[in-house]
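What follows is one structure encoded as structure tokens, with my remarks underneath.
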Amino acid sequence: MRSFSMPKMAISLLLAILAAAILIGINETGYNRSTAALNDIADASRTRGALNLLLQHALDAETGSRGYLLTGDPRYLEPYNSAVANITQTLDNLRLLHTANADEYATLSQLGRNVQRKLAEMELSVRMRKQGNEEAWKFVLMTDMGKEHMDAIREQATKLINASSDRMDVSQAQVRRALLYSRIGIAAVAMAGLLAFYLYLRQGTALKLAGEQQQQILQQERDLLERQVRERTATLAELATHLQQVREEERGHLARELHDELGALLTAAKLDVARLKSKLGTQAPEFAQRLQHLTETLNSGIALKRRIIEDLRPSSLSNLGLTASLEILAREFAERSGIDVATNLEAVELDESSQLTVYRLVQESLTNVGKYAQAAQVDINVRNRDGLVEVDIKDNGRGFAMSDVRTSTHGLAGMKHRVEAAGGKLTVESVPGEGTRISASLPRSTQPA
Ligand SMILES: Nc1ncnc2c1ncn2[C@@H]1O[C@H](COP(=O)(O)OP(=O)(O)O)[C@@H](O)[C@H]1O
Ligand SMILES: [Mg+2]
């Protein structure tokens, strides 16, 4: 999935960069062209202004000179002189504006010459008038020379004005074109950008979908595995429960057999010996001694049988109840091991199999204390709490670390399983050097035991 999407991503990015570059390119070119065109327009408009001014000044100068010629009033010389000065200045400006185009420069030169001629003609007639040479200035005035010069000036100025108008038109067209290109370019790139964005979104959605699908597959696999583990654990737990039951049943069966069969045999033998003993009387002291020994042997056998049966299946449990059985268990353990055992046992309501579970729990815990704890004191508590029966066995021995418990040992694990199979919960707390505490809580039986 990923190996496909990476190049696609890279292509999208490249396209985006390309589009941005094109956009910037179009914009820059458009800007440069427009700026150049606007400069041209400004130049053209200045040129037109200057030409109009030139014509204006030329007319002013002519009007001024004519006024002076006709009236002889020197006041007319003032506008004439200032117009002449302005004409020279304006011509200089025009020359500066026309360096680029050779044709126009030529026309401008012609215009300049004609202006000079016109100025020279006016200057001549004015000078003659000043000198009082009536005939001469009238002659100059009468000739068509002034008009010709003026016409030429007008013609060339018009030509230049038209040329600058043309240039303005061209520049305006250029600005319009640049604007159009920008418009088209921006629209195209915007469309491309939208398209790219759409593709990107679609791709993102596809990626997300694929991710979700993968997640789902993983989740399904995990669920399957979890279910399998649960099923197997349940099967194993059932098996373990079954084995424990079978074991208890076997033990019960064995205990009954021993009690009924071996017990009957031993009792019969004892009775026979007693009968023999009474028959013999005091006649054969040697046999009597033998028979006495046999009686003692039989008694030991009966005691051994009773111990084995008790160990196989605590008869005290059904005969005396849980509390008394635990008291006996604790007392015997204390006598055997020399460890001080304190009991605090409340009467509790538990069904038969839970009673056996508690009995075995205490039995195994005491065995462990004897084997490993090196304890001086053990406390056994049984009490009712919140609808549960709580049992705990606490010693003050050397304790152990949970992580050190070998997996090959089954005492604690068996207890846990047994308690859980009875619907209860077992916790083992132990700190090295600080003793061990085994606690179990079991649901109370609904019927009295
Ligand atoms: N009361 C205790 N004090 C110290 N160590 C204990 C005690 N109970 C159990 N242990 C430790 O936990 C281990 C596991 O006990 P258990 O499951 O009963 O197995 P086993 O008795 O077969 O060794 C023991 O080997 C021992 O090291
Ligand atoms: Mg053990």
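The values are calculated or read from the model by the stated rules, or taken from the named source; none is laboratory data. No experiment lies behind these values; they were computed from the predicted model shown. No Cβ is skipped: glycine too gets one built from the backbone with ideal geometry, and neighbour counts run over all protein chains shown. Keep in mind that these areas ignore ligands, DNA and RNA; they rest on the heavy atoms of the full protein, side chains included. Shrake-Rupley method; radii C 1.70, N 1.55, O 1.52, S 1.80 Å.
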Inset, instruction - Could you provide, to the nearest whole Å², the per residue accessible area of the chain with probe 1.4 Å? - result: 65
Inset, instruction - Over the stretch 320-443, with every protein chain in place, what whole percent of the accessible area is carbon and sulfur at 1.4 Å, could you tell me? - result: 47
Inset, instruction - Specify the angular offset, from 0 to 90 degrees and rounded to the nearest 10, of the alpha carbon long axis of helix 263-280 from the longest principal axis of the alpha carbons in the chain. - result: 20
Inset, instruction - Any aspartates and glutamates with Cα under 14 Å of the LYS277 Cα? List them, leaving off those in the same chain fewer than 8 positions away. - result: GLU286, GLU296
Inset, instruction - Please get the size of the charge dipole for the chain, origin at its Cα centre, with Cβ charges of +1 on Lys and Arg and -1 on Asp and Glu, quoted in debye to the nearest 20. - result: 640
Legend entry - the stretch 238-299, Cα convex hull volume normalised per residue, Å³: 59
Inset, instruction - Based on a Kirkwood Rh over C-alpha pairs, give the Stokes-Einstein translational diffusion coefficient of the chain at 20 °C and viscosity 1.002 mPa s in µm²/s. - result: 60
Legend entry - Translational D in µm²/s for the stretch 2-209 (Stokes-Einstein at 10 °C, 1.306 mPa s, Kirkwood Rh from C-alpha pairs): 72
Inset, instruction - Could you tell me what % of all Cα pairs in the stretch 320-443 have separations over 19 Å? - result: 44
Inset, instruction - Of the listed pairs LYS371/LYS394; LYS138/LYS159; LYS394/LYS425; LYS279/LYS305; LYS371/LYS425, which have alpha-carbon separations greater than 21 Å here? - result: LYS138/LYS159; LYS279/LYS305; LYS371/LYS425
Inset, instruction - First check a/c for the stretch 140-280, with a ≥ b ≥ c the square roots of the eigenvalues of its C-alpha gyration tensor; if it is under 1.5, answer rounded, and if not, answer prolate when a/b is larger than b/c or oblate otherwise. - result: prolate
Legend entry - Cubic angstrom per residue, convex hull over Cα atoms of the stretch 3-109: 99
Inset, instruction - Give the cross-link partners of LYS416 among the aspartates and glutamates, using a straight C-alpha distance below 16 Å as the criterion and excluding same-chain residues fewer than 8 apart. - result: GLU238, GLU364, GLU390, ASP392, GLU429
Legend entry - Packing-based order for 406-413, 161-168, using average beta carbon neighbours within 10 Å, highest first: 161-168, 406-413
